[in-house]
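Okay, so here's the structure we're looking at.
The values are calculated or read from the model by the stated rules, or taken from the named source; none is laboratory data. All of these numbers come straight from a predicted model, not from anything done at the bench. Counting neighbours? That spans all protein chains shown, and the Cβs are built from the backbone with ideal geometry, glycine included. To get the accessible areas, we keep the full protein, side chains included, count just its heavy atoms, and leave off ligands, DNA and RNA. Shrake-Rupley method; radii C 1.70, N 1.55, O 1.52, S 1.80 Å.
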Amino acid sequence: MATNLKKTDVVIVGLGAVGGAAALPLTQAGLEVIGIEAGTWLTARDFAPDELRNNFRGWPQSAQKANGEVPTHRPNASAAYSPRLPIHPMMNAVGGTSVHYWAQSWRLNSWDFKVVSETTRRYGTSRIPKGSTVEDWPFGPEELEPYYDKVEYELGVSG
């Protein structure tokens, strides 16, 4: 393991949508950035047009996440574990799952920033489970607008 990092160096673990997008402004600011990714670079062969091979969300098979990394699927909170599906849309590769996101990145709605307030207003306080940690955000979509625009431009979001 490298131990000669300067105080200004940054290590990004995972070069998917977030890690990949974070690397650009950090390097533009003059920081040395090291990216660590569990997957590899995909090649043109991984993207070959093959409707039979690519006819499900597990494409490309060469980059599927290992079993231990995929979120647990449970039918309810009391269930211990439910076997994961053999194919999962998450993947290990440079670019992560954003490699097959179809240039779609949905913005949060205004309502999403005020889940507690809006749920209480529309349905009553009983609809928020006891012990829930859900909270209203301290800001709204207006404050995120310039950041949405910048990231969407850099990532190539469609529409």
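Annotations for the structure displayed:
- Of the residues making up the range 39-77, those that are at pLDDT 80 or above, in contact with a helix residue (DSSP H, G or I) (Cβ under 8 Å, 6 or more places away or on another chain) and of a type in the set (Gly, Ala, Ser) number 1.
- Number of positions in the range 127-159 that are in contact with a Ser or Thr (Cβ under 9 Å, 6 or more places away or on another chain), more than 22 Å from ALA21 (Cα to Cα) and either in contact (Cβ under 8 Å) with a residue 40 or more places away in the chain or open to solvent by 80 Å² or more (accessible area, probe 1.4 Å) (or both): 1
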